[in-house]
Amino acid sequence: MSGTQHVCRPLVRSLRQATSTTATCQSRPIIAAIRQFSSTPSRSDETTTTTTAAGADAQKLAADAVVLGKKKASEITVIKQGSEEELAKLLSPELGSRRRRAAIATTGDIPFEQLPYQCFQEARRVLAKDREEKIAKIKAELARIKRIEATDPSTYRGGEEFKQKRLESLRKHVEELKIQADINDPMVKRKFEDGQGDMNKPIYRYLAERKWRSMDYKIITQRISQFNIVPDILPKFDPTMDVKMTFRGYKAPPGAILDSLITESGPPNLRLQVFNSGERLLSVVVMDSDVPNPETDSFARRLHFLVTNIPWSPASTSLNLHRLNSKGESPSPEDGTLAIPWLPPTAQKGAPYHRLSVFVLEHNKNQPLDLAKLKETYANRDGFSLKSFRDKFDLNPVGFTLFRSVWDEHTAEVMARHNIPGADVEFKQERVRSLKPPKKARGWEAKRQKPKYKSLWKYSKRIKGLKY
């Protein structure tokens, strides 16, 4: 046998097998090779077990997929290893990645951290060893911090200021080590995907901020630039808090145009997520920056809602502003104190859309604001300035979202119910007249309008049935 025939024999044999399989696939069921989970690799002399769609193993896999994916059993045949389309079709998307869902469906009641995959368990050992090293570094840094705290500031050249900067730098380094110790832990990622992470821990705050900055942060910064929030309201602003808004169960994305009946019911409910540790006090402001002023032919600002002294922590998520009543009394201390009640946003007919901005401001040094002073200062809602409010009460804007309001079929009724004037006013754009002098007539006819060409007027002017 020649060398060429010796090399080509395996290729010809595989092609013949593929041809025979294709020819008989319509007359017999498809056979899928399924290897059971094992903690050891397969041997070269191990025989491969096969099963049909009616086999017991296939029925068990289909039943598990029915429980997880809530599909009908008649729609499920055989789960093939390595088939992404089958996994996406059969299993519910609420349980994390498709590979993880497939593992849960085929391993029964085995805990996630004890899944019998040899590579998975070996990787967990490596990660556990790395975590032990990070924990040892954390302990060493904490001991170093205690030594510096017990040291007299006079021993440092910079004194107390140098000591505090050094301690702050070391504490920041410890927080980074805590994140690095858990960043690769599959249990941490699993809890974060399932929404069960403890936001008081730095690793979950880090993962939440990374997820927020990947998309939601980009959207909100785009809206700030698109709707000219900077510099119309603030000269400079960069949000550091995730803010989501809902009206009566409706999720309002940033910049959405809402019906006047939806916004009439009350202030929006907010979902706030901070990414740094510690307790703090917050204030929420809702303002309209597009109130038309016909006298000055410009736009003014109006305050629609103000609540202050809201205690907040990383574990807090939802802020229900509907609970606040007009007297400023809150049924629960987590809701804060009402300073200015809700005024439904409206827009007059013919006016452009109104930008209703929702700002979340953090109190510096957690100093509560004087409620009586707020009510006295902003009793007249018109002419509100967020920049002046920030500077006067020592606040720091950290969160933002917005919605828009336009004239619709229900706006007049809303304005009548809340005694808001201006429902009978309609704005129209004034026509701008050109300042250029009128142009002289040009062309063949224009040249022949003089008495010299009077004989031709019968063709252009004196036409029967036309009057000039």
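The values are calculated or read from the model by the stated rules, or taken from the named source; none is laboratory data. All of these numbers come straight from a predicted model, not from anything done at the bench. Don't worry about glycine lacking a Cβ; one is built from the backbone with ideal geometry, like all the others, and counts go over all protein chains shown. With ligands, DNA and RNA removed, areas are computed over all heavy atoms of the protein, side chains included. Shrake-Rupley method; radii C 1.70, N 1.55, O 1.52, S 1.80 Å.
Odds and ends about this structure:
- Here ASP382, ASP424 are screened, and the one residue that is under 24 Å from LYS349 (Cβ atoms), free of Cβ contacts under 8 Å to residues at least 24 places away in the same chain and of a type outside the set (Phe, Trp, Tyr) is ASP424.
- Residue within segment 261-269 that is part of a strand (DSSP E or B), under 17 Å from the mean Cα position of the chain (by Cα) and modelled with pLDDT under 95 present: yes
- Among (1) open to solvent by 60 Å² or more (accessible area, probe 1.4 Å); (2) within 28 Å of ALA315 (Cα to Cα); (3) more than 34 Å from the chain's Cα centre (by Cα) - the single one SER154 does not satisfy: (2)
- Of the candidates PHE299, PHE305, PHE275, the single residue that is surrounded by 15 or more Cβ atoms within 10 Å (Cβ to Cβ) and outside any strand (DSSP E or B) is PHE275.
- Residues satisfying the stated conditions in segment 188-223, i.e. closer than 21 Å to LYS134 by Cβ and surrounded by fewer than 13 Cβ atoms within 10 Å (Cβ to Cβ): ASP198, ASN200, ARG210
- Considering only residues in segment 409-419 that are assigned to a loop (DSSP other than H, G, I, E, B) and either free of Cβ contacts under 8 Å to residues at least 24 places away in the same chain or open to solvent by 50 Å² or more (accessible area, probe 1.4 Å) (or both), the one that is farthest from THR263 (Cα to Cα) turns out to be ASN419.
- Across segment 233-242, the number of residues qualifying as closer than 22 Å to ARG302 by Cα and either out of contact with any Phe, Trp or Tyr (no Cβ under 9 Å at 6 or more places or on another chain) or assigned to a strand (DSSP E or B) (or both) comes to 2.
- Boolean, GLU209 is under 30 Å from THR317 (Cα atoms), assigned to a helix (DSSP H, G or I) and among the acidic types (Asp, Glu): yes
- Candidate set from segment 340-373 (those that are under 26 Å from ASP290 (Cα atoms) and of a type in the set (Gly, Ala, Ser)); member that is surrounded by the fewest Cβ atoms within 10 Å (Cβ to Cβ): GLY350
- Taken over segment 382-408, the criterion of being within 31 Å of the chain's Cα centre (by Cα), surrounded by fewer than 19 Cβ atoms within 10 Å (Cβ to Cβ) and part of a loop (DSSP other than H, G, I, E, B) is satisfied by SER385, ASP394, VAL406, ASP408.
- Hits in segment 111-137 - residues which are at pLDDT 85 or above and among the hydrophobic types (A, V, I, L, M, F, W, C): ALA123, VAL126, LEU127, ALA128, ILE135, ALA136
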